[in-house]
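Asks: Handing you a structure now.
The values are calculated or read from the model by the stated rules, or taken from the named source; none is laboratory data. Owing to the predicted nature of the structure, the values given are computational and were not obtained by experimental measurement. Every residue, glycine among them, receives a Cβ derived from its backbone with ideal geometry; neighbour counts consider all protein chains shown.
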Amino acid sequence: MVIAAFETTALTLNHALIILAMFPQYQELLFEELKEVFPAGEDFEVEHQDVQKLVYLDRILNEILRLFPAVPIIVKDATKDIRLSNGVFIPKGVILSIDIFNLHRNKDLWGHDADTFDPDRFLPDNVSQRHPYAFIPFSKGTGNCIGSLIVS
């Protein structure tokens, strides 16, 4: 678990630095948010309530995890018979492979520009209109990644 946490965190931070370098307009907006929340030129403690104010950072990290999920494919075991909302039946015991990378770039879910970096996809109005399983960077349901508890 420790190794997985280090690797996935490092990978996500790497992608964040690359994306922010590629898109200086988003980097500048994030920098402005950071300056609003944290005092300039003095030592300070980062408190939980401070981190909760970083809504633009949250949108940027979610968009990075959408485009570059730390774990792009997961495997699940159907522990009971399941009927999906589209009518497909999955019998108990079937092993499912979920392609998170392509799910997060599906144009039917994310629009014609699904391959483009846009933190506004995670504005509250946009999130509320999306299927709850369209964005699953930490899996979903029972057995999802413990990292989702930290990020939430």
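Asks: What is the number of the single condition among (1) at pLDDT below 95; (2) more than 20 Å from the chain's Cα centre (by Cα); (3) not small (Gly, Ala, Ser) that Thr12 does not meet?
Replies: Of everything listed in (1) at pLDDT below 95; (2) more than 20 Å from the chain's Cα centre (by Cα); (3) not small (Gly, Ala, Ser), Thr12 misses just condition (2).
Asks: Residues in region 77-106 that are closer than 17 Å to Ala134 by Cα and over 17 Å from the mean Cα position of the chain (by Cα): how many? Can you show your working first?
Replies: Filtering region 77-106 down to residues closer than 17 Å to Ala134 by Cα leaves 84-86, 96-106.
Among the residues that remain, those that are also over 17 Å from the mean Cα position of the chain (by Cα) are: 84-86, 96-97.
Total meeting the criteria: 5.
Asks: For region 116-152, how many residues meet the condition of being of a type in the set (A, V, I, L, M, F, W, C), modelled with pLDDT of 55 or more and in a helix (DSSP H, G or I)?
Replies: So in region 116-152, the residues of a type in the set (A, V, I, L, M, F, W, C) come out as 117, 122-123, 127, 134-136, 138, 145-146, 149-151.
Those still in the list that are modelled with pLDDT of 55 or more too: 117, 122-123, 127, 134-136, 138.
Checking which are in a helix (DSSP H, G or I) leaves us with 122, 127.
Here the count works out to 2.
Asks: Moving to a separate point now. Can we say Leu17 is within 16 Å of the chain's Cα centre (by Cα), at pLDDT 95 or above, over 23 Å from Asn102 (Cβ atoms) and loosely packed, with under 14 Cβ neighbours inside 10 Å?
Replies: When the stated conditions are applied, Leu17 passes them.
Asks: Also: Identify, please: which residue in region 23-36 is part of a helix (DSSP H, G or I) and in contact (Cβ under 8 Å) with a residue 24 or more places away in the chain and is, among those, nearest to Arg121 (Cα to Cα)? Spell out the reasoning first.
Replies: First, the residues of region 23-36 that are part of a helix (DSSP H, G or I): 24-36.
If we keep only those that are in contact (Cβ under 8 Å) with a residue 24 or more places away in the chain too, we end up with 26, 29-30, 33.
Working: Tyr26: 13, Leu29: 16, Leu30: 16, Glu33: 18 Å.
This residue is Tyr26.
Asks: Which of the residues spanning region 37-51 are over 21 Å from the mean Cα position of the chain (by Cα) and in contact (Cβ under 8 Å) with a residue 12 or more places away in the chain?
Replies: Residues satisfying the conditions are Val37, Phe38.
Asks: Quick check on my filter: what residues within region 94-124 are more than 20 Å from Phe138 (Cβ to Cβ) and basic (Lys, Arg)?
Replies: Lys107
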